[in-house]
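Each remark here refers to the structure printed beneath this line.
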Amino acid sequence: MSENARPLDLLNSAKGKVVLVELKNGHAITGKLIAFDVHINITLESAEEKRDGETLRKLGNVFIRGDTIVMISPTI
Amino acid sequence: MSENARPLDLLNSAKGKVVLVELKNGHAITGKLIAFDVHINITLESAEEKRDGETLRKLGNVFIRGDTIVMISPTI
Amino acid sequence: MSENARPLDLLNSAKGKVVLVELKNGHAITGKLIAFDVHINITLESAEEKRDGETLRKLGNVFIRGDTIVMISPTI
Amino acid sequence: MSENARPLDLLNSAKGKVVLVELKNGHAITGKLIAFDVHINITLESAEEKRDGETLRKLGNVFIRGDTIVMISPTI
Amino acid sequence: MSENARPLDLLNSAKGKVVLVELKNGHAITGKLIAFDVHINITLESAEEKRDGETLRKLGNVFIRGDTIVMISPTI
Amino acid sequence: MSENARPLDLLNSAKGKVVLVELKNGHAITGKLIAFDVHINITLESAEEKRDGETLRKLGNVFIRGDTIVMISPTI
Amino acid sequence: MSENARPLDLLNSAKGKVVLVELKNGHAITGKLIAFDVHINITLESAEEKRDGETLRKLGNVFIRGDTIVMISPTI
């Protein structure tokens, strides 16, 4: 862990990998992280809305507005 | 996937195509994406409010304020 | 559709025409669009609050704060 | 209607007149508009809280923070 | 009423006097207004939380964050 | 009371003393005020969550994000 | 306690240690604090969602958006 670690480092290292995104409205979305910016606006590829591990619906490519996001977690 | 991909790239490539827009109030709107700005304010053409795949009402041209948007997904 | 279309273009072209404004509190207002600014603060003339196509009350001239607005749609 | 009309023009012309102010918490306040700024912070004189046309209570002079305001309408 | 009246003028003239402060969470606080800034952060002295004219509890000196405030009214 | 009193003066004078902090989620926290900044982010030492004068749990050192704070009151 | 103590000092000293993070949606997350920025965006390692001391689920590495955070407390 570097002294100068920044929160966006985790998102940078997650690019191209599948992440779990939790939204303020309680929804959970998974998908491959394609891009993010300083507002934490993100785009995902092959995105799916999930509940309890089940796929509720497939979203394909999706832009998610940063201010609706609670957390982003790279999945293993 | 470019190293320098930005979230707005997805919106740029969706211009002129039909997108699904989900709002913080739970509403879903579809329509042809005409324009967007850095606040994610957008305008749609031939917009329709949807629920469970059904058209609730036709909105025609519509301006949607960015801070009410959860996500924008180009439909196939 | 121009490459450089901006969301505010729709509001500009709607000036002087009747628009439907939907608010975050669920209210719907119609009226002639007189002015708007970058915050999407707007003023309407001959404004009316509507529900299911019925006029609930007449508001006359009204200033609406931009951050309470979900969408603005020019009516036909 | 001028090409360059701005939303704050309506508030300027309402100075010294009685306005109806609707708040995000659902309250309605009437009073003589004394001042406003770019945040739509306003001050009213002889303000009264209203419900269904009835006066709930008299507030006298009052400062209202702009971000709590939905709309401001000059009354006739 | 001056042409150049500003909303903060009312707060300036209320300094050192008892004001009623209504908060977004529905609480009402009275107290002597000691200071305010452009965010409408305020400090009160001898503050009391009120409901229906009754004192719920005494707060003494209190700092109130501006973005929680709906309105501030000098009491007579 | 100085003409130039500022709201942060109260927080400055409360440094090193026990304060009561009320949050937008309705929680009440007490603790020794160690630091604050212009966003009203604060840190407390020996913090405890309180309800009706009872200690719900001990938090020790805690950072509280400013935009979750309603008010801060030095206790006697 | 230094005169010039700043709230972020507590977060700096908590780097590399386990912290408890409470969110506006009521969730509690623990994990090793890896990084934070001025928005209080943070990243945690070995994060777990907790309720009443029980682990609800393991999150691994996680980015948490600052504006969803109520407080951050280093655990002993």
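Checking B:Asn41 against (1) in contact with a strand residue (DSSP E or B) (Cβ under 6 Å, 6 or more places away or on another chain); (2) buried (at least 19 other Cβ atoms within 10 Å of the Cβ): exactly one of these is not met. Which one? Tallying (1) in contact with a strand residue (DSSP E or B) (Cβ under 6 Å, 6 or more places away or on another chain); (2) buried (at least 19 other Cβ atoms within 10 Å of the Cβ), B:Asn41 fails exactly one: (1).
If you filter the stretch C:49-72 down to residues that are within 14 Å of B:Ile64 (Cα to Cα) and more than 9 Å from chain D (Cβ to nearest Cβ), you find that the one that is nearest to the chain's Cα centre (by Cα) is C:Ile72.
Does the stretch B:38-48 hold any residues that are at the interface with another protein chain (Cβ under 10 Å from one of its Cβ atoms) and within 12 Å of the chain's Cα centre (by Cα), and which are they?
Step one: filter the stretch B:38-48 for residues at the interface with another protein chain (Cβ under 10 Å from one of its Cβ atoms), giving B:38-45, B:47.
The answer is B:Ile40, B:Asn41, B:Ile42, B:Thr43, B:Leu44, B:Glu45, B:Ala47.
Taking the stretch A:12-28 as the range and being among the aliphatic types (A, V, I, L, M) and touching a residue at least 60 places away in the same chain (Cβ under 8 Å) as the test, only A:Ala14 passes. If you take the residues in the stretch G:56-76 that are among the polar types (S, T, N, Q) and open to solvent by 60 Å² or more (accessible area, probe 1.4 Å), which one is nearest to F:Ser46 (Cα to Cα)? Looking at the filtered set, the residue picked out is G:Thr75. Taking the stretch E:1-38 as the range and being of a type in the set (Asp, Glu) and either open to solvent by less than 60 Å² (accessible area, probe 1.4 Å) or under 27 Å from F:Leu23 (Cβ atoms) (or both) as the test, the residues that pass are E:Asp9, E:Glu22, E:Asp37. The requirement of being out of contact with any Gly (no Cβ under 9 Å at 6 or more places or on another chain), surrounded by fewer than 17 Cβ atoms within 10 Å (Cβ to Cβ) and either farther than 20 Å from G:Leu20 by Cα or at pLDDT 95 or above (or both) is satisfied by F:Gly53.
The values are calculated or read from the model by the stated rules, or taken from the named source; none is laboratory data. Note that this is a predicted model, so its numbers are computed, not measured. We place every Cβ from the backbone using ideal geometry, glycine too, and count neighbours over all the protein chains shown. Surface accessibility is based on the protein's heavy atoms, side chains included, excluding ligands, DNA and RNA. Shrake-Rupley method; radii C 1.70, N 1.55, O 1.52, S 1.80 Å.
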